[in-house]
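Below is one structure, written out as C-alpha cells, with a few remarks after it.
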Amino acid sequence: MLKLFKLFSNKRLFILLITLVLFIVVMGFSLGTRKSLSWPENFVRDTTGFVQSLFYKPAGYIAGFFEDIGNLKGLAEENERLKITVAQYTREKVQYNILAARVEEYEKLLRFTKSQSNQYNYEYHYAQVISLSTDPSNNTLVINLGARDGVKPNMSVISEKGLVGIISQVSKFTSTVKLLTMMDSSDPNSQPPIAATAFGKVKETFGMVERYDQQTQRLIMTRIDEKDPIAVNDMIISSGIGGLYPQGLIIGTVESVEVGEFGLTKTAVIKPAAGFEDWKNLLVVFTPEEPQ
C-alpha cells in the first residue's frame, strides 16, 4: 500500500491515469447506441459550426468577388472580339454594297450595248471617269482610256441612258470628254451640231441639235422643216448624217415644238436623256469606220 501511495504521489502519472480512464469511459459512451448527442458534443458542434460560419461567408464573398473579376475580364475580351467582328462585318458590308452597285451598273451598260449591237455594228469600250470639271465655261470630264486603247478625237461617249459628249483631247492613257452642255452654235470651239431624227420617223423627221440652254438645261434642235411630223414625247436620236456622230445614239425626248423664224422652220426643245449626272463609268463608241 505504501508503494501505491507513493505511485499516486507522482502527479504526472496520476494525471495520465485519470486521462486514460476518462478516455476509456468516453469511448465506451460514444460507441454505445444513443438517440441524442450529449451536451458536451452539442456544445462542441455548435461552437465549431458558429466559428466556421464566421469564416465561411466572408471567404465565400471573397472567392465570389475574385471569380466575378475573372468573369469580367472574360467578358471584356469577348466584347473586344465582338467589336472586331462587327467592324469587319461593317467593312465587308460596305465593300459588298459598292461591288453590288458596280455590278448593277455594269449590267445596265451590258444590256444597253447588247440591244444597240443588235441594231448597229458598233463596239463599246468601258471607261471609268477619273475626274470631272464643274466649271460652267469648261464642262468636261476625263476618262481612263487613251490613244493606247484606240481612242481618237471626236469619238462619241455615251451612258446607258444616252449621248454624253465627244472626245475632245487624247493622251496616251486618258482622254478628255466635252459634254453636250458645252454645245453652243455661236462658239467656234464648241463641238459640231448633231444631225438628228426621231425614232420611228427616220424618213420624215430631220433637224440639227445645235446648242444647250444653260438656264433651262435643255438642248435646242433647229432647222426642222415646217411640215415635219416631229411631236412632243418623240425620242430624238442621231441620224448618222455627216459621219461625226454614229447613227442611233439617243439624245433625248421632245418637250415642246415651236415655230421658227419667218414661219418656215420649227424649233424643238429636247430634254437630254443622259441627264449629266455624276457618272462613274461611261462607254466610248467605236464604229467600223474608225480604226482601232
Applying the selection to segment 184-198, what residues are free of Cβ contacts under 8 Å to residues at least 40 places away in the same chain and surrounded by fewer than 19 Cβ atoms within 10 Å (Cβ to Cβ)? D184, S185, S186, D187, P188, N189, S190
Would it be correct to say that K178 is modelled with pLDDT under 90, among the basic types (K, R) and surrounded by 14 or more Cβ atoms within 10 Å (Cβ to Cβ)? no
Look at L244 and say whether it is under 25 Å from M155 (Cα atoms) and at pLDDT 90 or above. no
Scan of segment 247-268 for residues that are open to solvent by 30 Å² or more (accessible area, probe 1.4 Å), touching a strand residue (DSSP E or B) at 6+ places or on another chain (Cβ under 8 Å) and either farther than 14 Å from S156 by Cα or aliphatic (A, V, I, L, M) (or both), ordered by number: I250, T253, E255, S256, V257, E258, V259, T265, K266, T267
Condition test on I241, is it touching a Leu at 6+ places or on another chain (Cβ under 6 Å) and of a type outside the set (G, A, S)? no
Which of the residues that make up segment 145-159 are touching a Pro at 6+ places or on another chain (Cβ under 8 Å) and either within 16 Å of S131 (Cα to Cα) or surrounded by fewer than 19 Cβ atoms within 10 Å (Cβ to Cβ) (or both)? G150
Can you say whether K178 is part of a loop (DSSP other than H, G, I, E, B) and of a type in the set (D, E, K, R), as far as the supplied structure shows? no
Segment 160-175, subset part of a strand (DSSP E or B) and in contact (Cβ under 8 Å) with a residue 24 or more places away in the chain, residue surrounded by the most Cβ atoms within 10 Å (Cβ to Cβ): L163
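The values are calculated or read from the model by the stated rules, or taken from the named source; none is laboratory data. Model, not experiment: these values are computed from the prediction. Cβ coordinates were reconstructed from backbone atoms using ideal geometry, including for glycine residues, and neighbour counts include every protein chain displayed. To get the accessible areas, we keep the full protein, side chains included, count just its heavy atoms, and leave off ligands, DNA and RNA. Shrake-Rupley method; radii C 1.70, N 1.55, O 1.52, S 1.80 Å.
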